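Okay, so here's the structure we're looking at.
The values are calculated or read from the model by the stated rules, or taken from the named source; none is laboratory data. As the structure is a prediction and not an experimental result, all values here were calculated from the model. Positions of Cβ are backbone-derived with ideal geometry, glycine not excepted, and every protein chain shown enters the neighbour counts.
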Amino acid sequence: MPQKTIHEKLGELSQNLWWSWQPEVTSIFREIDPRRWSALAHNPVLLLSEYGPDKLEARAREEVLHSRINSAYRRWQEYMDSHSTWGDVHAGVLGHRPAAYFSAEFGLHESLRIYSGGLGVLAGDHLKSSSDLGIPLVGVGLFYHEGYFSQTIDEAGWQQEEYTDVDPDALPLQPVRSASGERIVVSVETRGGSIFAQVWKLDVGRVPLYLLDTNIEQNTEENRVLTARLYGGDQRTRIRQEIMLGIGGVRALAAVGINPRVIHMNEGHSAFAPLEIIRMRMKHDGRSFDDALRETASSGVFTTHTPVPAGHDRFDAGLIDEHVGPLAEELGIHHEGIMGLGRVDPQNPNESFCMTVLAFKTSRRANAVSNLHGVVSRRMWRSLWPWRSEEEIPIGHITNGVHTPTWLAAQMRVLYDRVLPQKWYLRTGEPDVWKGIDDLTPGELWETHQSLKNRLIVYARRRLSYQAQRHGQSAREIERLQGFLDPQSLTVGFARRFAPYKRADLVMRDVDVLEKLVNDAERPVQFIFAGKAHPADDHGKAILQRIVKMSQEERFLGKIVFLDDYDINLGRHLVQGVDVWLNNPRRPLEASGTSGQKVVLNGGLNLSILDGWWAEAFDGKNGFAIGSGQTHANQEIQDKRDGDDLIHVLQNEVIPLYYGRDQDDMPQEWIRHMKRSVRTLGWRFNADRQVMDYVRETYIPAAGGLSCEMVVMP
Ligand SMILES: *Cc1c(COP(=O)(O)O)cnc(C)c1O
């Protein structure tokens, strides 16, 4: 066989997202053309479309890239062919029938804007770790050609949303075809006609992700744009997207010949999926509805993600009948029968249909995403199992984690490579692997961190000047931005969705105190904020506006900054460069949170309310706790107490520790905290550990059909 050209090799690499968690491959793409690489939002498919074979060849010669490309390509092939993974040893019973992982969003890379926040990034990390561990798993989601919005901030500090249409050809999406070569199209019937979707395949290492897309000619105009936007539109759009994700998703898998052994629903959006599996069992295996439900539920795994009521989709009877009525008829259950599956009390006509309830009733294994969230969820859903005591409610927990190779800075990884075992990045879920962190010398850890912090600050200034240019600011004003943020100052980051319960402006409750902290001559603190509010969330937008306005006040100028359009790329810069990551949700509403876990990997310290993952992570010396985990029924009192505690911890713990320097200006005690944080938390709050837990505690039992919990009948 003739040798492949480097253009062909890079072309193949660009078509599998594996490249995105390989620092070496990423830097090859960047070095081909650094300017185009950033202009194209780090999209190698687009980059290569601008570089024909000859132009690429010339460029590779200039930059001496040939052997690096060849070796990256070889590593990728070895990875794809490897048969000695954790999954080969421990997940053998799943065999050739994979687990199917359903999610409304997947956060895999900044060039693929089909995610909005933590839920999506978690799903993306789950696929990547499943690939690394060799778990037989496929993903199912929707392809949103306009994705989630890009954020700009207007003169008044108010968020504006923009959507841009993405051409699937510009992404690593393969059209899925039947054996005879035709595009596979699936359909879902509603009372108002059928909705059709084509299917794309996206390769995430060894894991295929199937994405359904209604933007095809067979559809009416309304349905063509059904999957255009993530979390756009009204309740009717939402339920139509969800029947496509759940019912259409199962049909898409069947059309490509996949008969999943386990159905994992990441949040309730996909809870219609089991109904379609029940239908197939009744039709093909001649089961009764009750038997089919029992069998289907035994292979179902459901992860619930939030105690916030708005996070649980509810639909009225009319919407359910219009969109699920035809399927219910095939199941032989009448309207009240289907409604009962989505109600806590099936007989209560005043109860709307809740997707979370449907998910609980159609999956025998359910879990929350942290220990504390488990407690909260058992209380929240106990009425589904009225005959049980709270501790016996069958909702366990598997705490979320993050995919190390995705979130760890390349420079930090070089450092870890020296003290951790060989190929440690393929075994990050094992505690022993991280022991070597103790052998890092304080100086090299500190210097590496400082250099990442500098990189963040340079990056932040550049983003601020783009923002200023867009607002038509003068050259002098833009020049001034170059003095914003001081690499020597204690730098606190806060970036997440601007959902009101996350209280982005908590640190600003007493503006005068904040002014003193920020302008302290010896020991200053500076803040970098980022995050998007949901387009319909005016309360979240008002909080965002408050922060933007504060950042423009003379006393806070250059010391509190807001960076717009938070996404995975900005997130990566932030979690890799900050000294401290601030997280101050209203307890216990942050089910887990994951951004702070990304900070851990890079040596930053968490400063957080004892909520979500932090409630089980904090040990007194691996970061900082705000408050003591108490809650007050009165929200105003709670906010005041937490706000005061936050300032208190900053003043009395964080700032003194950070500025406590030895004769070489090294914060020795701070560095000890950094090391302790990485060593005690890195392996636990890690997506490999998370996926191994899912496999052991849910996928394998579900695949074996071992009975463990009674399914609740409607
Ligand atoms: C990790 C991540 C999140 C989740 O952040 P939380 O603090 O857990 O809410 C949201 N958005 C992006 C872009 C992320 O990378």
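The set of residues from the stretch 571-581 being near the ligand (Cβ under 10 Å from one of its atoms) and closer than 24 Å to Pro524 by Cα comprises Gly571, Leu574, Val575, Trp581.
Taking the condition over 29 Å from Gly107 (Cα atoms), among the small types (Gly, Ala, Ser) and either free of Cβ contacts under 8 Å to residues at least 40 places away in the same chain or in contact with a Gly (Cβ under 6 Å, 6 or more places away or on another chain) (or both), does Ala521 pass? Yes. Under the condition of being surrounded by fewer than 24 Cβ atoms within 10 Å (Cβ to Cβ) and touching a Leu at 6+ places or on another chain (Cβ under 9 Å), the residues counted in the stretch 356-376 number 1. No other residue among Glu31, Glu24 is farther than 19 Å from Gly205 by Cβ and either outside any helix (DSSP H, G or I) or not hydrophobic (A, V, I, L, M, F, W, C) (or both) apart from Glu31.
Scanning the stretch 518-537 for residues that are away from the ligand (no atom under 16 Å from the Cβ) and crowded, with 20+ Cβ neighbours inside 10 Å yields Val525, Gln526. When Arg676, Arg641, Arg661 are checked against the criterion of being closer than 25 Å to Gln576 by Cβ, surrounded by 14 or more Cβ atoms within 10 Å (Cβ to Cβ) and at pLDDT 95 or above, Arg676 stands alone in meeting it. The residue pairs whose first member lies in the stretch 647-659 and is on the phi > 0 side of the Ramachandran plot and assigned by TED's automatic domain parsing to the domain that holds Ser608, whose second member is modelled with pLDDT of 95 or more and in a helix (DSSP H, G or I), and whose beta carbons are closer than 7 Å, counting only pairs six or more residues apart or on different chains, do not exist in this structure.
Can you go through Ser178, Ser129, Ser187, Ser82 and tell me which one is small (Gly, Ala, Ser), in contact (Cβ under 8 Å) with a residue 12 or more places away in the chain, crowded, with 21+ Cβ neighbours inside 10 Å and out of contact with any Leu (no Cβ under 9 Å at 6 or more places or on another chain)? Full working, then the answer.
On the way: Ser178 fails: crowded, with 21+ Cβ neighbours inside 10 Å; Ser187 fails: crowded, with 21+ Cβ neighbours inside 10 Å; Ser82 fails: crowded, with 21+ Cβ neighbours inside 10 Å.
Ser129 is the lone residue from the list that is small (Gly, Ala, Ser), in contact (Cβ under 8 Å) with a residue 12 or more places away in the chain, crowded, with 21+ Cβ neighbours inside 10 Å and out of contact with any Leu (no Cβ under 9 Å at 6 or more places or on another chain).
If the condition is being touching a helix residue (DSSP H, G or I) at 6+ places or on another chain (Cβ under 6 Å) and farther than 25 Å from Lys283 by Cβ, then the stretch 320-359 contributes Val344, Thr356. Only one of the numbered conditions (1) within 13 Å of the ligand (Cβ to nearest atom); (2) modelled with pLDDT under 95; (3) not charged (D, E, K, R) is violated by Ser628, and that is (1). Could you please let me know if Gly540 is out of contact with any Asp or Glu (no Cβ under 9 Å at 6 or more places or on another chain), of a type outside the set (S, T, N, Q) and either farther than 21 Å from Leu646 by Cα or within 16 Å of the ligand (Cβ to nearest atom) (or both)? So Gly540 fits the description; yes.
Here Ala633 fulfils each of the conditions (1) surrounded by fewer than 19 Cβ atoms within 10 Å (Cβ to Cβ); (2) more than 16 Å from the ligand (Cβ to nearest atom); (3) modelled with pLDDT of 95 or more apart from (3). Of the residues screened, Glu62 is one that is modelled with pLDDT under 95 and not basic (Lys, Arg). Scanning the stretch 471-510 for residues that are aliphatic (A, V, I, L, M) and surrounded by 13 or more Cβ atoms within 10 Å (Cβ to Cβ) yields Ile478, Leu481, Leu485, Leu490, Val492, Ala495, Ala499, Ala504, Leu506, Val507, Met508.
Return a yes/no flag: does the stretch 428-443 have any residue that is more than 26 Å from Trp86 (Cα to Cα) and modelled with pLDDT under 95. No, there is no match, as no residue in the stretch 428-443 is more than 26 Å from Trp86 (Cα to Cα) and modelled with pLDDT under 95. Within the stretch 553-560, can one find any residue that is surrounded by 19 or more Cβ atoms within 10 Å (Cβ to Cβ), assigned by TED's automatic domain parsing to the domain that holds Tyr425 and either within 16 Å of the ligand (Cβ to nearest atom) or among the charged types (D, E, K, R) (or both)? Within the stretch 553-560, one or more residues are surrounded by 19 or more Cβ atoms within 10 Å (Cβ to Cβ), assigned by TED's automatic domain parsing to the domain that holds Tyr425 and either within 16 Å of the ligand (Cβ to nearest atom) or among the charged types (D, E, K, R) (or both). Which one is nearest to the chain's Cα centre (by Cα), of the residues in the stretch 594-616 that are farther than 16 Å from Asp579 by Cβ and within 13 Å of the ligand (Cβ to nearest atom)? Taking the candidates together, the pick is Thr594.
On the stretch given as the stretch 582-591, residues that are touching a Leu at 6+ places or on another chain (Cβ under 8 Å) and either without any contact (Cβ under 8 Å) to a residue 40 or more places away in the chain or within 12 Å of the ligand (Cβ to nearest atom) (or both) total 3.
All told, Asp662 meets the bar of being assigned to a loop (DSSP other than H, G, I, E, B) and acidic (Asp, Glu). The set of residues from the stretch 233-260 being surrounded by fewer than 18 Cβ atoms within 10 Å (Cβ to Cβ), polar (S, T, N, Q) and in contact (Cβ under 8 Å) with a residue 60 or more places away in the chain comprises Gln235, Asn259.
Yes or no, residue by residue, for (1) among the charged types (D, E, K, R); (2) in a loop (DSSP other than H, G, I, E, B); (3) surrounded by fewer than 18 Cβ atoms within 10 Å (Cβ to Cβ):
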| site | (1), (2), (3) |
| --- | --- |
| Arg378 | yes, no, no |
| Pro386 | no, yes, yes |
| Thr406 | no, no, no |
| Gln422 | no, yes, yes |
| Gly443 | no, no, yes |
| Ile457 | no, no, no |
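With respect to (1) of a type outside the set (Gly, Ala, Ser); (2) more than 16 Å from the ligand (Cβ to nearest atom); (3) touching a residue at least 40 places away in the same chain (Cβ under 8 Å); (4) surrounded by 13 or more Cβ atoms within 10 Å (Cβ to Cβ), the lone exception for Glu110 is condition (2). Scanning the stretch 145-162 for residues that are away from the ligand (no atom under 16 Å from the Cβ) and under 30 Å from Ile258 (Cβ atoms), we see that the one that is surrounded by the most Cβ atoms within 10 Å (Cβ to Cβ) is His145. What about Leu514, is it farther than 19 Å from Gly577 by Cβ, assigned to a helix (DSSP H, G or I), touching a strand residue (DSSP E or B) at 6+ places or on another chain (Cβ under 7 Å) and assigned by TED's automatic domain parsing to the domain that holds Gln635? No.
Name the single residue, out of those in the stretch 490-513 being away from the ligand (no atom under 16 Å from the Cβ) and touching a residue at least 40 places away in the same chain (Cβ under 8 Å), that is farthest from the chain's Cα centre (by Cα). Per the criteria, the residue is Val513.
Elements of the type helices (runs of 4 or more DSSP H) sitting completely within the stretch 269-371 and holding at least 2 residues that are over 29 Å from the mean Cα position of the chain (by Cα): these cover 273-285, 289-298, 317-331, 335-341.
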